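Enquirer: Would you mind keeping the following structure in view while I ask a few things?
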Amino acid sequence: MLEPSVQIFLSERRAAWLKEKLKSAKTEAEQQDIERAAADKFDLANWLPDAAKRAGQLAMVTHPGKFSHPCAKTSSVIADAERKADGYLRTGNVAADFDVFGNAAALDVHKFLSLTLSDGQTVLAHLEQDTPLIQQQFNIPTAFQELRQGLLSIKSGAAETVKTSEKIKQVYFPVDDDYHLLSLLTPSGLMFKLKERINVLRFSEAAKQARTDRRNQIHHEQGFDEIYNLTVIGFGGTKPQNISVLNNQNGGTAYLLPSLPPPLELRATQKPATNFFAQSLYLKDYQDKFKALHKLFLDTVPNNIDVREGRDYWILQIVEQLMEKVWAIRELPAGWSETSVLPPAQKLWLDAANAQRRDSEDEWLDEIIVAVVSWLGIAYKKAVGEQKAIPLGDPESRAFRQLLTEHREVLR
């Protein structure tokens, strides 16, 4: 008795063939003739020998050349790589199906060989193992071994003399003192396994539910992932089946993930050569805080305690941000300031080589406080504009200096 999957396959093929042929039948007699022809054509004893002859028109591969160029004629490459925990995305490390290319009219043979029988193995696997089950299924007048060899010819291309095509992209790869000319082929199984996994992330029912929950502000335990900047690439135009079976099954499209060098960030730590305040501090980083300070200066009661406390708060905020830059410079290799012409106090303040002296001495800190107060006045005017800035005289400078003296450890 035929396996159910084989019976269904032949029935579907027969129904599709009949539907097309009956369109041209004008009489009942013609209809009956077509139906009898269909019964004969798709009887296993007749269909199977024909399929065995046509199997050689197809080639089972892992790397089809037609993805590079639809007219490329290359050897049927079947890469049988061992699975290893080496961290590489490569053939062998991903369970991907074989691909098939060749005469599109013979693709039904590949579909037949891919049928799963009752024991969970495919027809092709049974043929390769020459099992009793497949021998029983193919118990027809034609000799079994002849059928088997014919159907297995879909994989025989792997044993042919290797040949490439001028239509394939090629690169010279250095080997010792010579070069090998490599033909670059597409691992279609990997490519479409990637598409399958991305589609699960984007369009599975679980992902759809997670997105719905997010819109409705409902907690979802798993959540969902997004993949941005995907590019869709097409193969085969309106006839994707001419490229390969996997390409046809995937609608002739695949995904390309971004493959770009990492964006280089501008160096955040500028090593000062002559003056830390002029060369390492960028006014735009402090502008918001100076504008908040300016709003307080516009108050008509400058001696109001709330205004003074607000002023001190913003000054300390600015100084603490300034110290972030100081700590970043201290991460530079010790001794870098030796080739600079920085003032001695700044060398002591900024260079990691002087950490011990910074902890044991205090005179340098007084000079730094004076320099910070001077920078505060200059930076304030630039941040809010010369015309809008409130004039800062000696009283304000003394207040700033007293504040930083009281909090001198912040600058150490």
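Enquirer: Along the positive direction of the dipole of the chain (beta-carbon charges: Lys, Arg +1; Asp, Glu -1; about the Cα centre), which of F98, P395, Y282 reaches farthest?
Expert: Selected residue: F98.
Enquirer: Work out, step by step, the length gained on full extension between D306 and Q136: first 0.36 nm times the residue separation, then minus their alpha carbon distance; give nm to one decimal.
Expert: 51.5 nm
Enquirer: Chymotrypsin sites (Phe, Trp or Tyr not before Pro) within region 44-142: which are DSSP loop residues with at most 12 other Cβ atoms inside 10 Å?
Expert: Details: sites: W47, F67, Y88, F98, F101, F112, F138; in loops: Y88, F98, F138.
Taking region 44-142 and a limit of 12 other Cβ atoms within 10 Å, the loop chymotrypsin sites (Phe, Trp or Tyr not before Pro) found are Y88.
Enquirer: Provide Y179, Y286 in ascending order of the number of other Cβ atoms located within 10 Å of each residue's Cβ, fewest first.
Expert: Fewest-to-most ranking of Y179, Y286: Y179, Y286.
Enquirer: From a point 7 Å beyond the Cα of D108 in the direction of its Cβ, which residues of region 208-243 have a backbone N at a distance under 18 Å?
Expert: 241-242
Enquirer: Let me ask another. Sort out for me the Cα centre separation of region 100-149 from region 350-412, rounded to whole Å.
Expert: After rounding, the separation between the Cα centres reads 86 Å.
Enquirer: Can you tell me the equivalent ellipsoid semi-axes for the chain? Use √(5λ) from the Cα gyration tensor, largest first, whole Å.
Expert: They are 79, 28, 19 Å, listed from largest to smallest.
Enquirer: How big is the charge dipole of the chain about its Cα centre, in debye rounded to the nearest 20, if each Lys and Arg gets +1 on its Cβ and each Asp and Glu gets -1 on its Cβ?
Expert: Roughly 1300 debye, rounded to the nearest 20.
Enquirer: Could you give the length gained on full extension between Q317 and R83, defined as 0.36 nm per residue of separation minus the Cα-Cα distance, in nm?
Expert: 78.6 nm
Enquirer: If you don't mind, another one. Considering the options A379, V6, I134, tell which one lies farthest towards the positive end of the dipole of the chain, charges being +1 on Lys and Arg and -1 on Asp and Glu at the Cβ, about the Cα centre.
Expert: V6
Enquirer: Using Cα pairs closer than 8 Å and at least 6 residues apart in sequence, work out the relative contact order for the chain, in percent.
Expert: 13
Enquirer: Apply the Karplus curve 6.51 cos²θ - 1.76 cosθ + 1.60, θ = phi - 60°, to the phi angles in region 348-360 and return the couplings in whole Hz, x for Gly and Pro.
Expert: 5, 6, 9, 8, 4, 5, 9, 4, 5, 5, 4, 6, 9
Enquirer: Counting other Cβ atoms within 10 Å of each Cβ, which GluC sites (Glu not before Pro) in region 189-259 have at most 12 and sit in a DSSP loop?
Expert: Filter output for region 189-259: E221, E226.
Enquirer: Write out the trypsin sites (Lys or Arg not before Pro) in region 194-279 meeting two conditions: DSSP loop, and at most 10 other Cβ atoms within 10 Å of their Cβ.
Expert: In loop regions of region 194-279 (DSSP not H, G, I, E or B), the sparsely surrounded trypsin sites (Lys or Arg not before Pro) are R267.
Enquirer: Subtract the Cα-Cα distance of Q387 and A328 from 0.36 nm times their separation in residues, and report this length gain in nm to one decimal. Write down the numbers at each step before the final one.
Expert: Working: separation 59, 0.36 × 59 = 21.24 nm, distance 3.40 nm.
Result: 17.8 nm gained on full extension.
Enquirer: Can I ask one more? Could you put D99, D351, D80 in order, starting from the residue whose Cβ has the fewest other Cβ atoms within 10 Å? Let's see the in-between values first.
Expert: Working: D99 27, D351 22, D80 8.
Final ranking by Cβ density, sparse to dense: D80, D351, D99.
Enquirer: Hey, got the dipole for region 276-411? About the Cα centre, +1 on K and R Cβ, -1 on D and E Cβ, debye to the nearest 20?
Expert: Numbers: 17 positive and 22 negative charges, 114 e Å.
So the magnitude is around 540 debye.
Enquirer: Additional query: From the P(r) of region 357-412, could you give the percentage of C-alpha pairs in the tail past 14 Å?
Expert: Cα-Cα pairs of region 357-412 separated by over 14 Å account for 57 percent.
Enquirer: Let me ask something else. Rounded to whole Hz and in sequence order, give me ³J(HN,Hα) for region 99-106 from the Karplus expression 6.51 cos²θ - 1.76 cosθ + 1.60, θ = phi - 60°, writing x for Gly and Pro.
Expert: Values, residue by residue: 9, 9, 9, x, 5, 4, 5, 9 Hz.
Enquirer: May I ask for the net charge around A210, where only other residues with Cβ less than 12 Å from the Cβ of A210 are counted and Lys, Arg are +1 while Asp, Glu are -1? Can you show the working numbers first?
Expert: On the way: positive: R202, K208, R211, R214, R215; negative: E205, D213, E221, D225, E226.
Taking every other residue near A210 into account, the sum is 0.
Enquirer: Right, another one. Among T131, T186, T231, T91, rank each residue by its count of other Cβ atoms within 10 Å, from fewest to most, as a rough exposure measure.
Expert: Going from least to most buried by this count: T231, T131, T91, T186.
Enquirer: In addition: Measure nothing but the geometry: give the 0 to 90° angle between the long axis through the Cα atoms of 44-54 and the longest principal axis through the Cα atoms of the chain, rounded to 10°.
Expert: Tilt relative to the chain: about 60 degrees.
Enquirer: Identify the residues of region 358-388 with backbone N under 12 Å of a label point that sits 7 angstrom from the Cα of S397 along the Cα-to-Cβ direction, or state none.
Expert: Counting backbone N atoms under 12 Å from the label point, the list is 370-378.
Enquirer: Towards the positive end of the charge dipole of the chain, with charges on Cβ (+1 Lys, Arg; -1 Asp, Glu), say which of P261, A353, I318 has the farthest Cα.
Expert: Among P261, A353, I318, the one farthest towards the positive end of the dipole of the chain is P261.
Enquirer: Which whole-number value in Å³ per residue fits the convex hull of the alpha carbons of region 1-91?
Expert: About 195 Å³ per residue, rounded to a whole number.
Enquirer: If you wrap region 304-384's Cα atoms in a convex hull and average its projection over all directions, what's the area in nm²?
Expert: Averaged projected hull area, Cα only: 6.6 nm².
Enquirer: OK, next. Angle between the Cα long axis of helix 188-203 and the longest principal axis of the chain, 0 to 90 degrees, nearest 10?
Expert: Helix 188-203 sits roughly 60 degrees off the main axis of the chain.
Enquirer: Let me ask you something else. Helix-only mean residue ellipticity at 222 nm, the chain, DSSP H runs n ≥ 4 weighted -39,500 (n - 2.57), per residue, nearest 500. What is it?
Expert: On the way: 17 runs with 193 residues, N = 412.
Calculated from helices alone, the mean residue ellipticity at 222 nm is -14500 deg cm²/dmol.
Enquirer: When the gyration tensor of region 43-193 is built from Cα positions, what are the square roots of 5 times its three eigenvalues, in whole Å, from largest to smallest?
Expert: On the way: eigenvalues 216, 67, 35 Å².
So the three semi-axes of region 43-193 are 33, 18, 13 Å.
No value in this document is a laboratory result; all are computed from the given coordinates. These figures come from a predicted structure and were not determined experimentally. So basically every Cβ, Gly included, is an ideal-geometry build from the backbone, and we count neighbours across all protein chains shown.
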